[in-house]
Amino acid sequence: MLEPHSSMAPTLQRNIILALLIAIAAAAWTLLIWQQIGSDADMRMEMYSPTMGMKAPLFLAVWMIMMVAMMFPTAAPMILTFHQVQAGKQGRGEAFVSTWVFVTGYLGVWGVMGVLAFAGAAGSEMLAGSMGLSVATAARIGGALLMIGGAYQLSPLKDLCLAKCRTPVGFILTSWRDGQWGAVRMGLKHGLFCLGCCWLLFLALFPLGIMNLAAMTVVTLLIFAEKTLPAGERIAKVSGVALLLYGAAVLVFPQALPTFQPADTMIMN
């Protein structure tokens with residue numbers, strides 16, 4: 001994707017980049033909604049399984065669409081701050097690096113995470129099939145994952161990563177690297193902090209339904225609120241307590257999980 005022309009005013013460049021980020025995220029959401037609407041009941045149920053019934057290449061493609069849809073809105077302040085600094089360097093006649101190089105590094109982290117997510121999802125499906133887990137037991141494992149996600153929301157590591165994501169200027173000042181490769185490294189580093197901030201919220205999507213649009217929307221809004229609102233740190237704590245309570249409820253009442261399927265059969269591959 002091309003950077004706005006260098007003769008444009010910095011404010012106009014910034015607005016164009018913001019509009020592009022919003023448009024790309026909106027297109028990704030549209031694809032996800034279209035896929036759900038266009039699927040029959042059996043396919044929609046399959047999409048709630050850990051691998052969504054997909055082979056690795058298709059899973060990774062859908063995963064990246066999900067990451068663009070969910071993370072571009074929350075990463076926008078950092079991306080725009082990076083561009084603002086680059087625009088200042090350009091105005092002083094210094095070397096300019098496209099903002100999309102930074103974005104490429106950022107997305108690279110989520111691509112690697114997608115590979116790990118597929119490996120974990122495929123492994124869990126194989127294990128469930130070989131052990132013959134009942135749907136109630138599988139749901140309770142999901143409840144335990146929700147509790148793990150809630151506990152992480154309350155952890156010091158979450159606080160550290162969230163602080164980095166909430167202060168774009170601070171990140172830029174402490175992590176700046178010049179040149180194309182420097183921009184990639186910065187994107188990778190910010191992606192790692194973002195991953196550290198959000199990865200267990202994405203883990204919670206597996207028991208809730210990886211393609212559960214309602215759950216995806218809630219997680220996106222939660223991440224956005226954590227990163228951008230003044231009360232973001234408190235919101236993270238409240239959501240952690242909520243996940244702990246909900247996970248505990250699922251342990252007692254597995255039917256409370258959206259992916260619970262009332263049946264006497266065992267989970268099969």
Per 10 angstrom bin, beginning at 0 and ending with the bin that holds the maximum distance, the Cα pairs of the stretch 186-239 fall in percents of 24, 49, 27, 1
Zone reached by a paramagnetic label modelled 7 Å from residue 178 Cα along Cα→Cβ, restricted to the stretch 71-91 with backbone N below 11 Å, covers none
Between residue 144 and residue 33, the two model label points (7 Å from Cα along the beta-carbon direction) sit apart by a distance in nm of 3.8 nm
Taking N as the number of residues in the chain, the ratio of its alpha carbon radius of gyration to 2.2 N^0.38 Å works out to 1.09
May I ask for the Kirkwood hydrodynamic radius of the stretch 154-269, worked out over all distinct Cα pairs and given in angstroms to one decimal?
16.3 Å
On the Cα set of the stretch 168-207, report Rg and Dmax in Å, please.
13.1, 42
Both in Å, the radius of gyration and Dmax of the C-alpha trace of the stretch 52-119 are 15.5, 53
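Ignoring ligands, DNA and RNA, what accessible area per residue does the chain give at 1.4 Å, in Å²? If you can, show how the numbers build up before the last one.
Values: 12910 Å² over 269 residues.
Value returned for the chain: 48 Å² of accessible area per residue.
At a 1.4 Å probe radius, carbon and sulfur cover how many percent of the accessible area of the stretch 105-159? Could the numbers behind the result be given before it?
Values: 1900 of 2340 Å².
About 81 percent, which is the carbon plus sulfur part of the accessible surface.
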For the stretch 171-178, 3J(HN,Hα) per residue [Karplus equation, 6.51 cos²θ - 1.76 cosθ + 1.60, θ = phi - 60°, Hz, x = Gly/Pro]:
5, 4, 5, 8, 10, 5, 9, 7
FRET efficiency estimate (nearest 0.05) - Cβ-Cβ, residue 248 to residue 119, R0 30 angstrom
0.60
Accessible surface of the stretch 164-221 [probe 1.4 Å, protein heavy atoms]: carbon and sulfur percent:
72 percent
What accessible area, in Å² to the nearest ten, does a 1.4 Å probe give for residue 217?
60 Å²
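The values are calculated or read from the model by the stated rules, or taken from the named source; none is laboratory data. Quick caveat, the model's predicted, so the values are computed rather than measured. Positions of Cβ are backbone-derived with ideal geometry, glycine not excepted, and every protein chain shown enters the neighbour counts. Each accessible area value is taken on the protein alone, full model and side chains, heavy atoms only, with ligands, DNA and RNA left out. Shrake-Rupley method; radii C 1.70, N 1.55, O 1.52, S 1.80 Å.
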